[in-house]
Structures are given as structure tokens and as C-alpha cells.
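First the structure, in the form of C-alpha cells, and then the observations on it.
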Amino acid sequence: MIRVALRKIVPWVAGPFLIVAAHAQPDNAPYELQERCARQAAQTFQKEWGGNAVSTNKAHVVANYESHYSPRFDKCFYLEISTTVPRAALDKTNFNTLRLYDLNENKQYGTFIEAAPLHVCKVQDTPCSSEAEWRVLVKSFMEE
């Protein structure tokens with residue numbers, strides 16, 4: 001008779017604790033997706049650049065990147081940043097480039113290129129006129 005009573009009481013007593021424990025578990029999915037995105041971006045940068053600096057007879061290029069997993073877009077964004085410094089004494093114009101990609105779809109979302117007189121500034125279908133304006137446009141992809 002005591003066993004029958006315990007079988008009826010235990011679910012009532014333990015039930016609320018099991019529900020609380022189930023809800024107390026952290027949701028690791030966003031963190032894991034951000035980590036996977038960071039690894040994918042690092043691999044892409046290594047494959048494309050091999051390191052942070054590349055030198056040729058004509059120029060020296062310094063590159064870096066940023067990555068961000070966006071839960072809102074469910075995409076892994078990769079921002080490639082490079083500065084090219086020409087070696088020729090006559091051409092002292094640096095060439096700055098920013099390119100934003102969705103790594104999973106291999107789709108380019110935005111480009112900023114600045115090298116007098118060349119200037120390209122666009123995020124998706126929106127043109128822009130400066131690096132500051134370009135960064136404002138890409139902010140929604142790179143922050144949350």
C-alpha cells in the first residue's frame with residue numbers, strides 16, 4: 001500500500017523540479033553556430049590569404065577579417081579587410097578594400113574600394129559614398 005501511494009506522490013513532487021531543470025538548460029545553438037562561423041571564416045581567410053601579409057614586386061598587402069553569425073539572417077558573414085601599399089615611388093596611393101560575404105552561400109553582400117581616383121561603395125543594391133556610410137550599411141549584418 002505504501003508503494004502504491006509513493007507511485008502516485010513521486011510524480012507530483014518530482015514533476016515541477018524536472019520541468020524547472022529542463023528549462024534551466026542553456027540554449028547552446030547560437031553559441032555553437034557562432035563558433036562554427038568563426039572556424040569557417042578562419043579557414044576561408046587562411047585559404048585565400050595564407051596569412052596577414054602578402055608581398056609582390058609591385059605591392060605589399062596587409063589583410064585581416066571579421067566574422068559574425070547572424071541569428072536574424074541565419075547566415076555566417078565574413079568581412080575581408082585589406083590594404084595594398086604600392087612599392088613604386090611614383091604611386092603612393094594605398095588601395096583599401098572591404099568585402100562582405102555570406103560564407104555558406106558564397107554570396108557577396110557589399111564592396112568598398114578606395115584608391116584615388118577609383119571609388120566603389122555598395123551594399124546589396126544600395127550605393128554609398130564613404131567608408132563610414134558603408135560600415136553603417138553593413139552593421140545590420142555584422143552585429144546583433
Could you state the orientation-averaged shadow area of the convex hull built on the Cα atoms of the stretch 53-105, in nm² to one decimal? 4.3
Would you mind ranking ASP125, ASP74 by Cβ crowding within 10 Å, fewest neighbours first? ASP125, ASP74
Ranked list, fewest to most other Cβ atoms within 10 Å of each Cβ, for LYS47, LYS122, LYS107: LYS47, LYS107, LYS122
Set of aspartates and glutamates with alpha-carbon distance to LYS139 below 15 Å, sequence-local pairs under 8 removed: GLU66, GLU80, ASP102, GLU131
Cα to Cα, under 14 Å, and not fewer than 8 places away if on the same chain: which aspartates and glutamates meet these conditions relative to LYS92? GLU114
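No value in this document is a laboratory result; all are computed from the given coordinates. Keep in mind that this is a model prediction, so the values were computed, not measured. Positions of Cβ are generated from backbone atoms using ideal geometry, with glycine treated the same way; all protein chains shown enter the neighbour counts.
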